[in-house]
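Undergrad: First, the structure itself, so that you have it in front of you.
The values are calculated or read from the model by the stated rules, or taken from the named source; none is laboratory data. Given the structure is predicted, the values throughout are model-derived calculations rather than measurements. Reconstructed Cβ throughout: ideal geometry from the backbone, glycine too, with neighbour counts over all protein chains shown. Remember, those area values only see protein heavy atoms, side chains included, never the ligands or the DNA or RNA. Shrake-Rupley method; radii C 1.70, N 1.55, O 1.52, S 1.80 Å.
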Amino acid sequence: MTPSFIAGTVIFAKHLYRMAAFYAAVADLRENERGGDFVLLEKGGFELVVHAIPKRVAASIAIAEPPRRREGIPIKPAFLVPSIDAARRLAAEFGGELNPLEGEMRFRGWRACDGHDPEGNVFQLRERALEKAGA
């Protein structure tokens with residue numbers, strides 16, 4: 001069976017399975033495939049490949065506890081989720097963090113919130129904004 005791949009992102013990780021579990025839970029993705037150095041997560045034609053950083057390179061990478069956001073990276077993946085509030089709780093449970101409620105943005109019918117994963121990579125979650133009656 002050929003997957004219905006529309007778009008995707010690859011995230012390189014020092015801790016492969018921890019990062020894959022984080023994105024599966026927080027970004028509402030399901031595991032499709034697992035190999036020795038990658039985990040493929042997907043939803044609705046989007047694929048996220050969490051790929052292990054080679055051990056010799058990973059040994060030179062220090063990740064603070066709690067992780068510090070690496071905001072100088074020129075790319076930020078965004079994921080559609082059913083509930084940012086639920087994802088905020090899951091992010092903390094799986095070793096990451098989302099901005100507090102007052103740090104959220106609303107635009108073009110979306111509610112959006114930035115956060116970081118257990119290795120400090122910045123990402124964004126989006127959910128459909130509910131319109132208030134009479135607005």
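Undergrad: Could you tell me what percent of the DSSP beta bridges with both partners in the chain are antiparallel, to the nearest 5?
TA: Looking only at bridges with both residues in the chain, the antiparallel portion is about 70 percent.
Undergrad: For the Cα atoms of the chain, what angle does the longest principal axis make with the long axis of helix 16-26, in degrees from 0 to 90, nearest 10?
TA: Value to nearest ten degrees: 10.
Undergrad: Whole number in Å², please: accessible area per residue of the chain, 1.4 Å probe, ligands, DNA and RNA not counted.
TA: 62
Undergrad: Please give the Cα centre distance for the stretch 2-54 versus the stretch 56-135, rounded to the nearest Å.
TA: Answer, in whole Å: 16.
Undergrad: Okay, next question. Can you work out the FRET efficiency for the pair Met105 and Thr9, with r the C-beta to C-beta distance and R0 = 25 Å, to the nearest 0.05?
TA: The computed FRET efficiency comes out at 0.75.
Undergrad: Given a 1.4 Å probe and the protein chains all in place, what does the accessible area of His15 round to, in Å² to the nearest 10?
TA: About 80 Å², ignoring ligands and nucleic acids.
Undergrad: Per residue of the chain, what 222 nm ellipticity follows from adding -39500 (n - 2.57) for every DSSP H run with n ≥ 4, rounded to the nearest 500?
TA: -5000 deg cm²/dmol
Undergrad: Turning to a different aspect of this structure: Taking GluC sites (Glu not before Pro) as exposed when DSSP calls them loop (any state but H, G, I, E, B) and at most 12 other Cβ atoms lie within 10 Å, what is the longest stretch of the chain free of them, the sites themselves excluded?
TA: Between the exposed loop sites, the longest stretch runs 1-70.
Undergrad: When only Cα pairs under 8 Å and 6 or more residues apart are kept, what is the percent relative contact order across the chain?
TA: 24
Undergrad: Now a separate question. Quick check: pseudo-label points 7 Å beyond the Cα along Cα→Cβ at Arg68 and Asp37, how many nm apart are they?
TA: Using points 7 Å along Cα→Cβ, the separation is 2.9 nm.
Undergrad: Oh, and also: Can you list the HN-Hα couplings for the stretch 75-80, worked out from phi with the Karplus curve (6.51, -1.76, 1.60; θ = phi - 60°), rounded to whole Hz and with x for Gly and Pro?
TA: Once θ is set to phi - 60°, the couplings for the stretch 75-80 become 9, 9, x, 10, 10, 7 Hz.
Undergrad: Within the chain, what is the longest stretch that has no trypsin sites (Lys or Arg not before Pro) placed in a DSSP loop and near at most 13 other beta-carbon atoms within 10 Å?
TA: Numbers: sites that count: Arg68, Arg70, Arg108, Lys132.
Looking at the chain, 1-67 is the longest stretch - no exposed trypsin sites (Lys or Arg not before Pro) with at most 13 other Cβ atoms within 10 Å.
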